[in-house]
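This report refers to the structure that appears directly beneath it.
The values are calculated or read from the model by the stated rules, or taken from the named source; none is laboratory data. Keep in mind that this is a model prediction, so the values were computed, not measured. Methodologically, a virtual Cβ is constructed for each residue, glycine included, from the backbone with ideal geometry; neighbour enumeration extends over all protein chains shown.
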Amino acid sequence: MPRIYLDANATTPVLPEVVEAMRPFWEESFGNPSSAHFSGQRTRSAVERARASVAALLNAQPKEIVFTSGGTESDNLALAGVLQPYLDHGKPAHLITTAIEHHAVLYTAESLEKRGVTVTYLAPTADGVIDPAVFEAALRPETRLVSVMLANNETGAIQPVGKLARIAKAFAERNGATILFHTDAVQAAGKQPIDLGGAGLAGEFKNVDLLSLSGHKMYAPQGTGVLFVRTGVQLAPLFHGGPHERQRRAGTENVPGIVALGRAAELARTWLASDAPAALHSLTTRLEAGLLSSIPDAAINAAHAPRVPNTINLRIPGIDAESLIIALDVKGISASFGAACQSGATEPSHVLTAMGLTHAEARSSIRLSLSRLTTEEEVDRALEIIPTAVKRLRALPKG
Ligand SMILES: Cc1ncc(COP(=O)(O)O)c(C=O)c1O
């Protein structure tokens, strides 16, 4: 039996079209994009085509796209790149972020806090969403940066980023100050449209200044990413070296990875413009409803939040999530508890506990995340396998 992959928020499969687009850049087209000769210029134009494609996905300008090694680097570059200059000049700086961010943001915030930045970590509602009123109350005259994710990796809950960014800009204007707004859109990109407003004044996210993407969450390979940096935003680079990426990210470009990300962005645009997102959403809803009706007392975490169309966070009282994940693995289902990088960790999910779940509730929650390639037949099989595995585990003697 082929395995059923329900862990697309950990990483997505690389689409065959993406592999095909990359292939020449490992073989005949290997030039360094900084070289002036023909081979270099061929890869340079491939990198620039990819940049234009990512910009089109976001309704941004190509020069606002910085290629990085992934979501983690993009998040680090956004936070440290904006705040380090304040520290260097001994100026006060306040950062607002949330308790439900990925560790790429949370641990960067903690590291900046140790260096002198003041940080507010906003708690979400019980449904895993940041309340705009709570956000507004946290703004201070010395707030310089906000970092709120667009979709949560564990629950799929979509945050009201457009609204929060508007509130931040209005506050900054009233105070004659500058507040930059960063969003980690790693789990939203390619799942929902993202409109940064181009060079104009429209677009839901026109007040967002910095936005992170990761290739391996959108059907390109691991180790590729993007930071959108709005025109005019100054960033201190993390890496020092050559003048690559308009002085914002030194280092010879990962050409095959960048080409892959460009192709994946093109495919994401086509996918988002089709009926496929609605079909994925109904597949996810069918899996969710089937599990709720066949597993007594099961519940959905962030049930009432708007969510990306592929993510289910299922709480199953009396079940140890890790044991269930292992049992499902044996039966051919790849799923996870919490974030992939937390697997093996003894601490319960910081996202679920921030939403008010007890440690026991958080430890009994699993994440199922579907991909664009998930089929009806796989969902049918998952609906047989998961409830049976839960029943077996519940029947085992405790202790
Ligand atoms: C919301 C979020 N941000 C950042 C990251 C880190 O991205 P990467 O694995 O590309 O470093 C992830 C990865 O799981 C994520 O889900």
Requested in this report: Within the range 1-53, track down each residue that is at pLDDT below 95, acidic (Asp, Glu) and within 11 Å of Val255 (Cα to Cα).
Outcome: none
Query raised in the report: Between a first residue in the range 220-232 that is assigned by TED's automatic domain parsing to the domain that holds Arg246 and within 16 Å of Glu73 (Cα to Cα) and a second residue that is among the β-branched types (Val, Ile, Thr) and near the ligand (Cβ under 10 Å from one of its atoms), which pairs have beta carbons less than 6 Å apart while being 6 or more apart in sequence or on different chains?
Result: Gly225/Thr68; Leu227/Thr68
Requested in this report: Starting from the range 1-24, take each residue that is among the acidic types (Asp, Glu) and list its partners that are assigned to a helix (DSSP H, G or I) and buried (at least 17 other Cβ atoms within 10 Å of the Cβ), counting only C-beta distances under 7 angstrom and pairs at least six apart or across chains.
Outcome: Glu17/Arg263; Glu17/Leu267
Report summary line: Selection from the range 40-85 of residues more than 16 Å from the ligand (Cβ to nearest atom) and of a type in the set (Asp, Glu) yields Glu48, Glu64
Query - Test result for Thr252, among the β-branched types (Val, Ile, Thr) and more than 25 Å from Gly162 (Cα to Cα) - result: yes
Query raised in the report: Can you find even one residue in the range 125-138 that is under 18 Å from the mean Cα position of the chain (by Cα) and among the aliphatic types (A, V, I, L, M)?
Result: yes
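Would you say Ala382 is modelled with pLDDT under 95 and closer than 30 Å to Ser274 by Cα?
no
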Requested in this report: Go through the range 206-231 and give me each residue that's within 12 Å of Ala189 (Cβ to Cβ), more than 11 Å from the ligand (Cβ to nearest atom) and in a loop (DSSP other than H, G, I, E, B).
Outcome: Tyr219
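Scan the range 1-26 for residues that are of a type in the set (A, V, I, L, M, F, W, C) and outside any loop (DSSP other than H, G, I, E, B) and jot them down. Can you show your working first?
Taking the range 1-26 first, the residues of a type in the set (A, V, I, L, M, F, W, C) are 1, 4, 6, 8, 10, 14-15, 18-19, 21-22, 25-26.
Scanning the range 1-26 gives Ile4, Val18, Val19, Ala21, Met22, Phe25.
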Report summary line: Over the range 164-190, the set of residues within 30 Å of Ile366 (Cα to Cα) and more than 12 Å from the ligand (Cβ to nearest atom) is Leu164, Gly190
Requested in this report: All but one of (1) within 26 Å of Asn152 (Cβ to Cβ); (2) at pLDDT below 95 hold for Asp75, so report the exception by its number.
Outcome: (2)
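Residue-by-condition table, conditions (1) within 30 Å of Glu347 (Cα to Cα); (2) touching a residue at least 40 places away in the same chain (Cβ under 8 Å):
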| site | (1), (2) |
| --- | --- |
| Gly90 | no, no |
| Asp127 | yes, yes |
| Asp131 | yes, no |
| Leu139 | no, yes |
